[in-house]
Protein chains: 2
Amino acid sequence: MDKRPKARDCEVIQLEIVNKVRIQMPAKHKLKQLANLYKVFSDHTRIQLLWALERNEMCVCDLAVLLNMTKSAISHQLKVLRLAKLVISRRKGKNIYYSLADDHVKDILWQGLGHVNE
Amino acid sequence: MDKRPKARDCEVIQLEIVNKVRIQMPAKHKLKQLANLYKVFSDHTRIQLLWALERNEMCVCDLAVLLNMTKSAISHQLKVLRLAKLVISRRKGKNIYYSLADDHVKDILWQGLGHVNE
DNA sequence: CAAACATATGAGCAATCGTTCATATGTAAT
DNA sequence: ATTACATATGAACGATTGCTCATATGTTTG
């Protein structure tokens, strides 16, 4: 018996490369920010909303009918998009019209679709 | 009493626009695919892995040391990236080296970083 | 073949997410 | 003011996610 335990869990294979990459690595919070940006794009409902708003400014009601979902669900997701600064809103009477915040959003959408359509 | 219930939940405001957008809408599964693509990019660990692999081919051990995580956690995430066809792997002796699957992945990363760095 | 190591994978658990439901806020019309 | 409608929001619930731990697979070396 007296089975010797394993010495360590892990050992670098390419030490120099790992060190080089570590130095070049962007600040941790930058990459976290990036992941969070993609997280907003990572839901089916939100993608549909963004795609639709890229086509036309619309209010919550319109979007609910378009996607065949409750206004509440739409409103919750629009809030996520708003907080991520991907959409902006303006009030007109009782309705609040949403549209894309800037062309950056449009670009990201198109590039993604390009990859999907391959 | 006898409070009359509300007639309906929702009414289209801009009927023509909604119809127009509905017709132009990409197939549902296309947008789902797109959301799923972004979902892979939406995690901090996976973003770090992708960024690192864009710099250099590396094995699980290297990546575990670089990100200061267990090999198991890294391996699980590499599996996600592999299934999404964002990375490829090749065996060399005991080690398995990972690298980005194609330049598309690189492009998406760079565009995202551009947006974050604004 | 056995021991050591690199990687993969299944189960389990806490945390996060997206929807629903109930309710609140804000605007317009009577 | 009261009613009707558009939107926002908090709580709650089920589903999904990312990690850990234990274990399995595959490769090299003695």
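Every read-out reported here was derived from the displayed coordinates using simple, explicitly stated rules and does not represent laboratory data. Computed from a predicted structure; not experimentally measured. Please note: Cβ atoms are built from the backbone with ideal geometry, for glycine as well, and neighbour counts cover all protein chains shown.
Using only C-alpha positions, report the orientation-averaged shadow area of the convex hull of the protein assembly as shown, nm², one decimal.
20.4 nm²
If each residue's Cβ is checked for other Cβ atoms within 10 Å, how do A:Arg91, A:Arg82 rank with the fewest at the top?
In order of increasing Cβ crowding within 10 Å: A:Arg91, A:Arg82.
Please arrange B:Glu57, B:Glu16 by how many other C-beta atoms lie within 10 Å of their C-beta, fewest to most.
Ascending number of Cβ neighbours within 10 Å: B:Glu16, B:Glu57.
Report, for A:Glu118, each distance to the same residue's label point in the other copies, shortest first and in nm; define the point 7 Å along Cα→Cβ.
3.8
Answer rounded, prolate or oblate for segment A:43-99, using the Cα gyration tensor with square roots of eigenvalues a ≥ b ≥ c: rounded when a/c is under 1.5, else prolate when a/b is larger than b/c, else oblate.
The shape class here is rounded.
Counting only other residues whose beta carbon sits under 13 Å from that of A:Leu49, what net charge do I get with K and R as +1, D and E as -1?
For residues surrounding A:Leu49, the net value is +1.
Label-to-label distances across copies for B:Arg91, with labels 7 Å out along Cα→Cβ, in nm, shortest first?
Label point to label point, same position, other copies: 6.5 nm.
Quick one: in chain A, what % of C-alpha pairs are over 24 Å apart?
It works out to 47 percent of all Cα pairs.
Relative contact order for chain B: what percent, with Cα pairs under 8 Å and sequence separation of 6 or more?
20 percent
Just from its helices, what would the mean residue ellipticity at 222 nm be for the protein assembly as shown, if runs of 4 or more DSSP H residues each count -39500 (n - 2.57) and the sum is divided by every residue, rounded to the nearest 500 deg cm²/dmol?
Roughly -19000 deg cm²/dmol at 222 nm, from the helical runs in the protein assembly as shown.
Hey, for B:Ala27 with labels 7 Å out along Cα-Cβ, what do the inter-copy distances come to in nm, ordered shortest first?
4.4
Between A:Lys106 and A:Val80, how many nm apart are label points set 7 Å from Cα along the C-beta direction?
So the two model labels end up 2.4 nm from each other.
Roughly how many whole Å is it from the C-alpha centroid of segment B:13-63 to that of segment A:56-101?
Spelled out, the Cα-based centre of one part sits 21 Å from the other.
Note the full-extension length gain between A:Asn19 and A:Lys32 as 0.36 nm times their separation in residues minus their Cα-Cα distance, in nm to one decimal.
2.6 nm
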